[in-house]
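One structure is given below, encoded as structure tokens.
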Amino acid sequence: MSDMTFDKMINQMTPTIYESLKQAVSLRKWPDGRYLTPEQTELCLEAVMRFEVENNVPEENRVGYLERRTCGAGATGAGVSPEMAGLARDATRD
């Protein structure tokens, strides 16, 4: 598929098509149950990501978004014990 054809497809993509492609990528299969090939998965994912950027989909609604999580008191980690932060002493190295 040429870039021009791909760009045209993205520009003409409706929200319904976007949601269908997003679901296909997530499940790795088409709505009729047929599995996506690796090439189809790659193209669908690229189309979904391009649609999201060009249509200003909020970052938290985009494919692959990971919410930042903090432990303890905010992002600084203040007040979090070393054990809770995953810094516990490795007893196997004693």
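The values are calculated or read from the model by the stated rules, or taken from the named source; none is laboratory data. Keep in mind that this is a model prediction, so the values were computed, not measured. Don't worry about glycine lacking a Cβ; one is built from the backbone with ideal geometry, like all the others, and counts go over all protein chains shown.
Yes or no, residue by residue, for (1) at pLDDT 65 or above; (2) part of a loop (DSSP other than H, G, I, E, B):
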position: Asp32; (1), (2): yes, yes
position: Glu46; (1), (2): yes, no
position: Ala75; (1), (2): no, no
position: Leu87; (1), (2): no, yes
position: Thr92; (1), (2): no, no
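Here segment 48-68 is the region considered, the condition is being surrounded by 11 or more Cβ atoms within 10 Å (Cβ to Cβ) and in contact with a Phe, Trp or Tyr (Cβ under 7 Å, 6 or more places away or on another chain), and the residue that is nearest to Ala24 (Cα to Cα) is Val48.
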